[in-house]
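Each remark here refers to the structure printed beneath this line.
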Amino acid sequence: MKSDPVISSDASRAEQALAALLRVAVDASPVCITISDLRHDDAPLIFVNDQFCRTTGHTREQVIGRNCRFLQGEGTDRSVVARMREAIARREPVSIELISYKRTGEPFLNRLDLAPVRDSRLEIDAYVGVQRDITAFRAAEATRREREKMEALGRLASGFSHELNNLLQPIITYGGMLAARPEMAEAEYAEQINTIVDCASAARDITAQVLHFARSGVALSEAEPLSRRRGEAIRMASRLLPPGVSLSIEGVEDLSAACTIDTAELLQVLGNLFRNAANAMDGKGSVRLAAVMEDTTLVLSVSDTGPGVPPELWSRIFEPFFSTKPPGQGTGLGLATAWGIVRGWGGTLTVRKREGGGAEFIIRIPLDRRSTDCGTNNNGAHSSDR
């Protein structure tokens, strides 16, 4: 029985109209859509939609006939790429997230879903890919997680600050009364008593700092010239190091009055970094505190001789409650609090691998431009020029 030519013609026109509609719809899609031809060794691209060109900055002429590995770069996780290739070799669907790069070199977080398309009748052996730039989405997620952690920190700080202050107040009061007795001036343990009072007072100030930061996300500062009480802050922070850890100090004495930092905050930052270093070294090793001037920035560094921080953790160690220690051996608040205080100074706190091994935490603090004597000696020479 022969088919009606009129019906065949109508069906052909309908298929052509549907094909045109699909092409328009795919080009109008808000996600990147690609098709790779697996009948060729290098699986070249044979189709990309308009959104792919807008997202990556490449034109169709630049990418058709090429393998899509041109989107990969230095930051692309090779293990994720290997997983994708294994799935393609098995002709299986796969969903991954990886760092890709635009034509300008700008990286973006790419959510990629791949699915095989096979049709022996039409001689099709291909993969269709759906890609989305989720950089902004993941950043918003990270912001939300940080906000939730800070809210939890605020509730925790509110709960313990009152009780802790109740315990500190008698220590400060009675310790001060004891230190004020005339016979204490000559006592061999007078310095120890003063240390008790100083540490208890610093603990009270730190409690107030943590509570304020947890509630507002901004450090509470009563700034004063760094040169005025830097020795006191460093001396008290050094007492937090165990006997097996030595401390060396370089360049700090050259700093002058223009750097205004709250002493209690400086003590808290250095104390947290010193404790972190001591824990990393299991209580045995050395810590170095150094200060230099770089143009209009004060750079403080705290380095240790421990195992260092793996690069994959560099972006997480300043998150509240993140800790690499076993349960019960760390709150994950020390570095987060230090980071928040430095941010309140208008500065940055980062970590890197120390030459020769160990970790180095770098604090960069912008200077008070109203004064010009920070980091200078009496002759006006820059301290880093010596």
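Some notes on this structure:
- Residue ranges of helices (runs of 4 or more DSSP H) in the stretch 1-116 with at least 3 members free of Cβ contacts under 8 Å to residues at least 60 places away in the same chain and of a type in the set (D, E, K, R): 5-28, 78-89
- If you go through the stretch 17-67 and keep only what is hydrophobic (A, V, I, L, M, F, W, C) and in contact with a Leu (Cβ under 6 Å, 6 or more places away or on another chain), you end up with 63, 64.
- The one condition in (1) farther than 22 Å from residue 38 by Cβ; (2) touching a Gly at 6+ places or on another chain (Cβ under 8 Å) that residue 113 fails to fulfil: (1)
- Residue identified as closer than 17 Å to residue 266 by Cα and either modelled with pLDDT of 85 or more or not basic (Lys, Arg) (or both) among 358, 332, 347, 308: 347
- Residue match in the stretch 127-137 (condition: surrounded by 12 or more Cβ atoms within 10 Å (Cβ to Cβ), basic (Lys, Arg) and in contact with a Lys or Arg (Cβ under 8 Å, 6 or more places away or on another chain)): yes
- Residue 301 modelled with pLDDT of 85 or more, among the hydroxyl-bearing types (Ser, Thr, Tyr) and surrounded by 14 or more Cβ atoms within 10 Å (Cβ to Cβ): yes
The values are calculated or read from the model by the stated rules, or taken from the named source; none is laboratory data. In this text the structure is predicted, and so the values were computed from the model without any measurement. Positions of Cβ are generated from backbone atoms using ideal geometry, with glycine treated the same way; all protein chains shown enter the neighbour counts.
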